[in-house]
Amino acid sequence: MKHWCPRRPWVTVVVAASVLGIVSCRGPGGLTLEILDVPAEAKARPPALEDRGDEPWRRTLRRKLAEPVSVDFIACPLWCGPLPLLRKLKNVNIVLDERARRRPLEITIKLDKVTFANALTLMCSQFDLGWTVTGGLIYIAPGDRLRELKERGLVPQERLEAALRTTVAFRSDGVPFDPVIARVRKQLGICVLFDRSVPSRARRTALTLTLDRARFADVLRRVCRQAGLDYVVVGNAVVISTPATAAHRRAVRAVLGHRTTGAAPPRPGMHRMIPSPLEEPISFDFIATPLDDILSFLRGLKKVNIVADQTVVGKGDGRDVTLRLEKVRFRDALAWITRRVNLQYTVLDRAIFVSTEEGLRNCALTPPLVYEPAAWAKLKEQLDQPVGLDVIATPLRDLVPALGKLGKVKVVLDGAALAGREEPVLTLRLDRVPFKNVLAWICRLTRLAYTVRDGTILISTPEKLWAQGPRRR
């Protein structure tokens, strides 16, 4: 099926079924990006809304959707009558989108021995809703929410991993770098960011490259190389920067505990610094529970470190969650919890970070550490030692002396770093993580950075440390 753009007749979009969405796009100046194949892992557990694969839970859910049911409801609210009954009757997880829950959804319907799938379709059609299977459960929502979830995936980090390992065909005949990246964002549905170090002339570089079959990660590397740039994966995003800045980011990733230091994409699961708890099944039933309390409960239940951005969590601004799930993956459960309050999460620096989409982007763009290997080696033993930290509403100035005692090293806060801004107040709990990661999370939450200089840990603004550090030399 082809769609022609009336304003620009040279744009042709070829649409076909694929785990990652659009298969082939042709744009101005002969730009082509065609998806040839996706990784086996993505086929087995696609991040988009699919009911394929042969996992036991998929087989069980498909069998239950084909079983007959009989229902008879008269003026009964959908979210407190039919759905709980079907959930209990079929022992499946059913999630109703929050926006649909706010609408008056009184249903009158009588069905006798129809399949469970048809019953869901008939009930949802009365309210212009749809349903799909994703993450081990049935999700009911308006059409735009279903399309959004299909484009972005339930777990963005999994989608990014699959995209980087996808086999593609690529051709660019003199197309500038910026439109190429825009096409990548749209077609693969991944987050690609430009670092502030990228000069504007590099983004206008005309690209000439033809690859008949290659991994998308290799295509992206060669495209960046033509523009004199490089990239690195940070959390849920691909960050494009100058080669020097990218090399520094990879060094920081390695120092703070990532398992890869190269520009190549991670192997399946490599970004998961705490893989076992994230893959374990979890069950819970929350009713109007504050998000902060839910994260504390999950932290204690799974023994994982969860860091919440206090600018959006814990303010008593109505971020309450009502959700019941049984035996779903912990990572999928986290995705559903954060989705209910318009937040996201990523796995970074040995912890799970919960914030807004913008907060995750800022986190990816601003490294919390300016790494200087020679100075770092002198304090490596202190920085690698595991420690624990639990502070509630503590001003940063009061926390710095305690950090010195905790890490048995001198910690100095640059007074100019807080000039002209409100002093940060921290609520943070981390259990048995290296002292260097404790410092990294404190800096991430306060939009600051740290470095090691003359046997002392100095906390200041990233711009000031970077100007005085490796970039200047």
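The values are calculated or read from the model by the stated rules, or taken from the named source; none is laboratory data. Note that the structure is predicted; figures quoted are calculated from it, not measured. Please note: Cβ atoms are built from the backbone with ideal geometry, for glycine as well, and neighbour counts cover all protein chains shown. Each accessible area value is taken on the protein alone, full model and side chains, heavy atoms only, with ligands, DNA and RNA left out. Shrake-Rupley method; radii C 1.70, N 1.55, O 1.52, S 1.80 Å.
Using the structure shown, select from Lys64/Lys110; Lys410/Lys464; Lys186/Lys302; Lys303/Lys378; Lys88/Lys327 the pairs with a Cα to Cα distance greater than 26 angstrom. Table pairs above 26 Å Cα-Cα are Lys186/Lys302; Lys303/Lys378. Of the whole protein surface, Cys80 contributes about 70 Å² of accessible area at a 1.4 Å probe radius. Could you check how much of the accessible area of the range 316-473 is carbon and sulfur, as a whole percent, using a 1.4 Å probe? Heavy-atom surface of the range 316-473 belonging to carbon and sulfur, 1.4 Å probe: 48 percent. Carbon-plus-sulfur accessible fraction, the range 164-260 (probe radius 1.4 Å, protein heavy atoms only): 49%.
In the range 375-439, a dipole from Cβ-located charges (positive for Lys and Arg, negative for Asp and Glu) runs towards its positive end, and of Val438, Ala402, Gln382 it is Gln382 whose Cα lies farthest in that direction. Comparing Leu129, Tyr139, Val168 along the charge dipole axis of the range 128-210, the residue lying farthest to the positive side is Val168, per the Cβ-charge model. Remark: the Asp320-Glu357 segment gains 11.5 nm on full extension, using 0.36 nm per residue and subtracting the alpha carbon distance. Leu31 contributes about 10 Å² of solvent-accessible surface, heavy atoms of the protein only, 1.4 Å probe. With the gyration tensor restricted to C-alpha atoms of the range 368-447, the semi-axes of the equivalent ellipsoid amount to 21, 16, 11 Å, longest first.
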